[in-house]
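No lab work stands behind these numbers, since they all come straight from the coordinates. Predicted model only: the values in this text are computed from it and were never measured. Please note: Cβ atoms are built from the backbone with ideal geometry, for glycine as well, and neighbour counts cover all protein chains shown.
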Amino acid sequence: MKYCSRSVVLLVAVMLLVCAPIAGAAPRFSLKLGHAVPEENAYHYGAVKFKELVEAKTGGEVQIDVFPNNQLGTGERDLIEGLQLGTVDVYVGSTGPMGGFEKRFLLFDFPFLFKDKKHVYSVLDGEIGRHILSLLDAKGMRGLAWMENGFRNLTNVKRSVGGVGDVKGLKIRTMENKVHMAMWRTLGVDPTPMAWSEVFTALQQGTIDGQENPIPVIYTSKLYEVQKHLTLTRHVFSPAMIVVAKAVFDSLPGEYQKIFAEAAQEAALYERGVCDKMENDFIDLLKRNGMEVTTPDLAPFQDACRSVYEEFKGELGEDAGLLDQIVAAGK
Ligand code: PAF
């Protein structure tokens, strides 16, 4: 009996010794994922879904830590630069600043280009979307999947916007994107590009009058605390992406690269659903938090912005024809 229990203890001790290094083993790849918005935003849901899928499918060999709220950079341009510099491994965020890295990304920034989400996804999930994502390879990044930020809308603290004339003279923060800036300039606005991390304070201190973003961002970043008027302009659809640093992607075994691509697509579809629901549900919450919401006739805004197409089409170079293809796909 005594002999038996001693040998059991010995056996257990040996098993613990053998198993200890496995149980405590470090993952083979430990990656940092950065995004610019709070954990309540749809991006975060998409990022966490991606992390969970990759970690489960690689049996924990790849670990992804998610850093929300600009913890890895001051805004999306900075996070994208981080992908190139090696300080960020995975980026979840909008295409807004990407035109500064690859001009042809400006394709999606033309005002009033997309009619609705059906139109958006007929393009992003088709040949055009795949082509644009593939351009990132030459910039040291691997674009994995299209997520979304939603349609962008204007907010400001100064006045209710019932028509195109009401935006004249407002000082509005824009993304660091020259097509967006040109659009607002055309409408008589003073566009002020700024990293996202600085926007809330700038609104609070009154150095800018307003900003423009999709409903989920306006609500989850609590802009109702510093903005009074929301105008449903839906002037630009803001695509978002899951992007991996190319050096990181290339260092993964082939089977893991496949897992990354599949997990990104699944996480992106999930994120689109979350974002869409937030876009619908959060307008009421913004009203309940004191915002006054207007829905102006958009035709005069669209007419005024037509000149931006002629001004910037040339920037798309050999891909300029895609602009007409996208417009045609919406008819
Ligand atoms: O306005 C921006 O910079 C972007 O829309 C944001 C809020 C970082 C989300 O992509």
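General observations
- Here the gap between THR207 and ASP125, fully extended at 0.36 nm per residue and compared with their Cα-Cα distance, gives a gain of 25.6 nm.
- A straight line joining the Cα centroids of segment 38-93 and segment 262-288 runs 18 Å.
- Placing a label point 7 Å from the Cα of ASN289 along the Cα-to-Cβ line, the residues of segment 196-216 whose backbone N sits under 17 Å from it are 197-205, 210-216.
- Linear extension gain, LYS222 paired with LYS118, 0.36 nm per residue minus alpha-carbon span: 34.6 nm
- The helix-only estimate of mean residue ellipticity at 222 nm for the chain, built from DSSP H runs of length n ≥ 4 each weighted as -39500 (n - 2.57), is -14000 deg cm²/dmol after division by the residue total.
- Selection of trypsin sites (Lys or Arg not before Pro), segment 174-273, meeting DSSP coil and at most 16 other Cβ within 10 Å: LYS222, LYS228
- Extension gain, THR74 to GLU55, is 4.1 nm, computed as 0.36 nm per intervening residue step minus the present C-alpha separation.
- Membrane-span-like helices of the chain, defined as complete DSSP H segments with a Cα extent of 30 Å or more along the helix axis and a mean Kyte hydropathy of at least 1.0, are identified as 2-23.
- Once C-alpha pairs closer than 8 Å and six or more residues apart are averaged by separation and normalised to the residue number of the chain, the relative contact order reads 24 percent.
- The mean sequence distance of close C-alpha pairs (under 8 Å, at least 6 residues apart), as a share of the length of segment 77-204, puts its relative contact order at 22 percent.
- Whole-Hz ³J(HN,Hα) from phi, Karplus 6.51 cos²θ - 1.76 cosθ + 1.60, for segment 140-147, glycine and proline x: x, 9, 10, x, 9, 7, 9, 10
- Of the trypsin sites (Lys or Arg not before Pro) found in segment 114-156, not one falls in a DSSP loop while having at most 11 other beta-carbon atoms within 10 Å.
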